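Right, one structure below, let's go through it.
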């Protein structure tokens, strides 16, 4: 007589470790998607700001040399607000896309495990500095706001905005660094092939190295 077959265990009764690992991976992936949306939005804003800079500079040149009536506000407006916006809004997206300056001669020759360890070391070393800059910039912006500080010039531009721009840009970078750190730790501890939650460009393993 054939032995009766036991019913298959429900999905929730699988090993707890696998379930927790999947839940953590899903959480990291969702968080990464949310951070990427913010980074892409800020990158678009940085591009728009760059176009505004070009338009203002072009208009100022026209007014200066053809109409002999240059803008008295353009230099301060661009230097104090537009340039910081164009730079710091794109900071986190630049890091997550791996388009910043990097020396990777040795990195490209490492195996996957050592590459993850190097990226983890970068996150650990950079995170405290980025968080510190956020704190200092936020405190500086608050102090300038309380004192109602402005620059002396044709237009009395408030000075708290540049400090707030720096704080906002580094805040997004800090969140990205925290996410990368947690994702890399999770991948190293669970020995997963991929790194769920890390930005795709930084997680991509370079397998081909150009030889001279």
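The values are calculated or read from the model by the stated rules, or taken from the named source; none is laboratory data. Bear in mind the structure is a predicted one, so any value in this text is a computation, not a measurement. Cβ sites come from the backbone with ideal geometry, for glycine too, and all protein chains shown count toward neighbours.
Numbers for the structure displayed
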quantity	calculated
Any hit, the range 87-95, residues being out of contact with any strand residue (DSSP E or B) (no Cβ under 6 Å at 6 or more places or on another chain) and farther than 21 Å from residue 48 by Cβ	no
Residue 26 being in contact with a helix residue (DSSP H, G or I) (Cβ under 8 Å, 6 or more places away or on another chain) and either in a helix (DSSP H, G or I) or loosely packed, with under 13 Cβ neighbours inside 10 Å (or both)	no
Criterion: within 21 Å of residue 27 (Cα to Cα) and either touching a helix residue (DSSP H, G or I) at 6+ places or on another chain (Cβ under 7 Å) or modelled with pLDDT of 90 or more (or both) - qualifying residue of 159, 192, 174	174
The range 153-175: number of residues that are touching a residue at least 60 places away in the same chain (Cβ under 8 Å), in a helix (DSSP H, G or I) and either closer than 17 Å to residue 82 by Cα or touching a strand residue (DSSP E or B) at 6+ places or on another chain (Cβ under 7 Å) (or both)	7
Test set (1) within 23 Å of residue 51 (Cα to Cα); (2) part of a helix (DSSP H, G or I) - residue 100 fails condition number	(2)
Within the range 44-72, considering residues that are under 20 Å from residue 155 (Cβ atoms), touching a helix residue (DSSP H, G or I) at 6+ places or on another chain (Cβ under 9 Å) and touching a residue at least 12 places away in the same chain (Cβ under 8 Å), the one surrounded by the most Cβ atoms within 10 Å (Cβ to Cβ)	49
Among (1) in contact with a helix residue (DSSP H, G or I) (Cβ under 9 Å, 6 or more places away or on another chain); (2) within 23 Å of residue 97 (Cβ to Cβ); (3) surrounded by fewer than 18 Cβ atoms within 10 Å (Cβ to Cβ); (4) modelled with pLDDT under 95, the one test that residue 127 misses	(4)
Test for residue 37: is it assigned to a loop (DSSP other than H, G, I, E, B) and out of contact with any helix residue (DSSP H, G or I) (no Cβ under 7 Å at 6 or more places or on another chain)	no
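Residue-wise test of (1) surrounded by fewer than 21 Cβ atoms within 10 Å (Cβ to Cβ); (2) not in a loop (DSSP other than H, G, I, E, B).
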position	(1), (2)
132	yes, yes
136	yes, yes
177	no, yes
183	no, yes
197	no, no
